[in-house]
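Right, one structure below, let's go through it.
Just so it is clear, none of the values below were taken in a lab; they were calculated from the coordinates. The model shown is predicted, which means the values in this text are computed figures rather than measured ones. Cβ placement follows ideal geometry from the backbone for every residue including glycine, while neighbour counts extend to all protein chains displayed.
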Ligand code: ADP
């Protein structure tokens, strides 16, 4: 089947086995485009190409790798408005958020261009006479990148850039919902001077393309971001065949508001963390744990701020909350609204669909008052739904914050240095925020979580080298 947006395999644009329409969740009457989809056999061809290109790319000079990555980063930054417009239309986050994400993707490539040049090693004295020991890092080989739909430029960037910087080759599978962003990023990468096969794009389903990547003995490492269920299943298969695996999965991130917090600041942290990007962030604050004495005032302010949020077309002026990304996700969110009501949580604002000028998956951000055992307070919803939970005191708040199978990000709002320090130490999460929303991180420092949220080494910054390289210890007898 024909589509001008094809897969990129072994340095060539290849027609897919089928095609699929990418929808615009802000306007279902104006789809983004039609994109080629691969099957397992075409994915295998991409994997073979990446495997064959592996040695050539691994032994390129750091300068060459830096130049390629720098060129990709520069083009993304130069075109951030246009890429942001595409992202907003395809995923549904607001234009400002989308342009910010495109810029972030560009900066990530620039950062790893620098990292390619900063490859270092260590020299040790041997315990034996006349021997020297060097420890260096080498690429691990072919990396399969399986990406989610919620950050369709930034997450692929923070996987592809370090993979290439450290000398690996790549097979990239974007999520089904966002082939246009995956294609646009790949088109830029395709013109940056990589050898044929070093980077490959295969759009398609998780069941066919994703599974083929997971199953292939030629794929040495898999970096996955997505749901916990898929991640857990993928891990079993990949580990059985000895592949290296890095997983970033869900979160049920707490934001603790202590009695001494600046309440306006805490409300802003809660609104941004819970509802911006339509709540579709694995770092979203979906549990707002508030110390009893601040509870009523916090809830009153947050309810009004939430009610006033402007929901609408992702490209609309003044819009703060874009549509939900897909019908399936909207149905899941509405299902949880019903679950929350049935469990006895009090819905204080939002939670219903919203009619806008164009047909789309619009929903008013929902605020519940609930209990820690409610399903809406325990399960990841991945939508603009937050639940406020009352804590007796700071110790109780900390215990509630840690009472979750997840451990990606956690936040605390307080004016007390002592409490801030205590929470930073005791929150069981990979990332901790003090007087900041749980979502919104820098691009040059490690990103990742604990418990059911993550598996394997951290992503981003120079910590990315842990996953994308393997260590060699060389002994020399002079
Ligand atoms: P979500 O529910 O947010 O879409 P998923 O975990 O289903 O999260 O999807 C994340 C990524 O994993 C997507 O690119 C998807 O296509 C891919 N995927 C889904 N199922 C599989 C699978 N069985 N094997 C490999 N990848 C998969």
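What number, in percent, do you get for the relative contact order of the chain if the mean sequence gap of Cα pairs under 8 Å and at least 6 apart is divided by its residue count?
Numbers: 1188 pairs, mean separation 86.3, N = 478.
With pairs under 8 Å counted, the relative contact order is 18 percent.
Per DSSP H run of n ≥ 4, the term is -39500 (n - 2.57); total these for the chain, divide by its residue number, and report the mean residue ellipticity at 222 nm rounded to 500 deg cm²/dmol.
Helices in the chain give a 222 nm mean residue ellipticity of -12000 deg cm²/dmol.
Which of the peptides 9-16, 250-257 is most tightly packed, and how do the rest follow, going by the mean number of other Cβ atoms within 10 Å of each residue? Spell out each step's value before the answer.
On the way: 9-16: 17.2, 250-257: 27.6.
Descending mean neighbour count gives 250-257, 9-16.
Mind ranking 268-275, 465-472 by how tightly packed they are, going by the mean number of other C-beta atoms within 10 angstrom, highest first?
On the way: 268-275: 24.6, 465-472: 18.4.
Packing order, densest peptide first, comes out as 268-275, 465-472.
Quick one: order 187, 34 by neighbouring beta-carbon count within 10 Å, fewest to most.
By the 10 Å Cβ count, ascending, the order reads 187, 34.
Hey, what does the equivalent ellipsoid look like for the chain, semi-axes from the Cα gyration tensor as sqrt of 5 times each eigenvalue, largest first, whole Å?
38, 28, 19
What ranking do 285, 205 get, fewest neighbouring Cβ atoms within 10 angstrom at the top? Before the final figure, lay out each step's value.
On the way: 285 29, 205 17.
So the residues, fewest neighbours to most, are 205, 285.
Give me the angle, in degrees from 0 to 90, between the Cα long axis of helix 62-78 and the longest principal axis of the Cα atoms of the chain, rounded to the nearest 10.
40 degrees
How tilted is helix 228-240 with respect to the longest principal axis of the chain? Cα atoms for both, answer in degrees (0 to 90, nearest 10).
It works out to around 30 degrees.
Ranked highest first by the average count of other Cβ atoms within 10 Å around their residues, in what order do 224-230, 392-398, 193-199, 169-175 fall? Could you put the intermediate results ahead of the total?
Numbers: 224-230: 19.1, 392-398: 16.9, 193-199: 21.3, 169-175: 27.4.
In descending order of packing, they fall as 169-175, 193-199, 224-230, 392-398.
If we count other beta carbons within 10 Å of each Cβ, what is the order of 188, 321, fewest first?
Ascending Cβ contact count within 10 Å gives the list 188, 321.
Roughly how tilted is helix 263-275, in degrees to the nearest 10 and between 0 and 90, from the longest Cα axis of the chain?
Taking Cα atoms only, the helix is inclined about 50 degrees.
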